[in-house]
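One structure is given below, encoded as structure tokens.
Quick note: the coordinates plus some simple rules give every number you see, no bench work behind them. If you're wondering where the values come from, they're calculated on a predicted model, not measured in any experiment. Every residue, glycine among them, receives a Cβ derived from its backbone with ideal geometry; neighbour counts consider all protein chains shown.
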């Protein structure tokens with residue numbers, strides 16, 4: 001399968017409905033692909049709970065049918081929490097249809113943080129985690145504590161991840177923190193959310209939508225590997241909290257499909273919901289040995305001018321995290337980089353790219369690998 005076109009709204013606090021966001025992203029993807037809706041054989045949508053966004057619409061597939069005026073094709077919806085976008089793309093890659101429009105959308109910015117935080121925790125174990133009042137920052141802080149203590153990771157390493165991603169988002173017009181200069185001093189003085197995580201270690205929930213058109217027609221960007229794996233719901237049921245088996249298995253499968261190794265990856269969009277998770281993911285994806293992911297950020301390897309740029313978009317941390325749209329927005333960034341359309345954040349080597357999207361604390365993970373055959 002191939003990617004023919006991509007589209008994305010700006011991420012942030014947007015005065016638009018989910019329908020309007022989907023229409024904007026889909027229209028841009030169709031224009032990018034030089035296609036019309038008549039060319040689309042199926043649509044896959046990633047979207048979360050309709051009650052949370054205030055729109056109270058549980059049949060969003062028919063909403064899309066109405067706004068796009070498409071009633072003659074199958075439209076399905078994927079609910080996989082933060083991995084929804086990646087899961088929808090995986091569905092499309094494994095479809096028998098010729099041209100599939102993948103959409104991811106979420107409306108979160110207008111909802112009080114307390115409510116969003118409580119609702120997102122519904123993607124965790126009810127008995128061991130929800131009932132104890134745990135939220136995702138606290139859950140990931142406990143994972144981070146284990147990881148930091150075991151592998152001698154420093155808080156200043158986390159600061160460097162946040163700084164890198166904000167530096168990248170500074171040049172991304174569609175990012176939540178576009179044009180906003182963040183310094184190390186600001187990061188280090190930000191309030192503690194759940195030790196060792198500070199405010200700048202946590203991604204931000206935003207509004208946004210992203211779209212991609214997957215096709216059997218040969219284009220300049222080929223999907224050479226696509227995998228989805230699901231692990232146990234509670235992170236604390238894992239044999240090793242500092243490694244997410246769903247990510248390891250998805251990566252291994254995608255590399256095998258592509259006949260590639262981690263050393264072949266030119267750049268990557270990683271699910272950095274929290275800064276220590278980005279470093280941990282370097283290892284689960286095979287970019288570094290266990291415990292050595294910190295060296296990639298310390299040496300500047302994952303910066304825009306490094307040998308393995310990570311999150312050139314700004315990542316979830318600084319681009320923003322509209323939950324179900326995140327996985328598709330990662331593919332948007334990869335396509336823009338491969339087509340040399342990334343502006344001031346453009347990198348040189350865009351031959352092979354990897355996107356990594358996670359739901360829960362490693363509960364579901366997708367890994368997609370793309371080859372640039374257009375130049």
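List of remarks:
- Put a dot 7 Å past the Cα of residue 183, heading toward its Cβ, do the same for residue 237, and the two dots end up 4.7 nm apart.
- Relative contact order (%) - region 260-375, alpha-carbon pairs under 8 angstrom, separation at least six: 29
- Taking other C-beta atoms within 10 Å as the exposure proxy, 238, 266 rank 238, 266 from fewest upward.
- In this label model, residue 220 and residue 347 are separated by 1.8 nm, measuring between points 7 Å along each Cα→Cβ vector.
- Of the peptides 146-155, 85-94, 72-81, 171-180, the order by per-residue mean of other Cβ atoms within 10 Å, starting with the highest, comes out as 85-94, 171-180, 72-81, 146-155.
- Mean residue ellipticity, 222 nm, helices only, the chain: the sum of -39500 (n - 2.57) across DSSP H runs of n ≥ 4, divided by residue count and rounded to 500, is -10000 deg cm²/dmol.
- Backbone N within region 207-236 under 12 Å of label point (7 Å from residue 110 Cα along the Cβ vector): 207
- Two-site label geometry, residue 167 and residue 299: point separation in nm, points 7 Å out along Cα→Cβ: 1.7
- With 10 Å bins from 0: P(r) over the chain, alpha-carbon pairs, percent: 6, 27, 37, 24, 6, 0
- In range of the label at residue 146: residues from region 350-375 whose backbone nitrogen is under 16 Å from the point 7 Å along Cα→Cβ: 360-364
- Gyration tensor verdict on region 130-251 (Cα atoms; rounded if a/c is under 1.5, prolate if a/b is larger than b/c, oblate otherwise): oblate
- The Rg/Rh ratio of region 249-372, with Rg taken over Cα atoms and Rh as the Kirkwood radius over Cα pairs, comes to 0.92.
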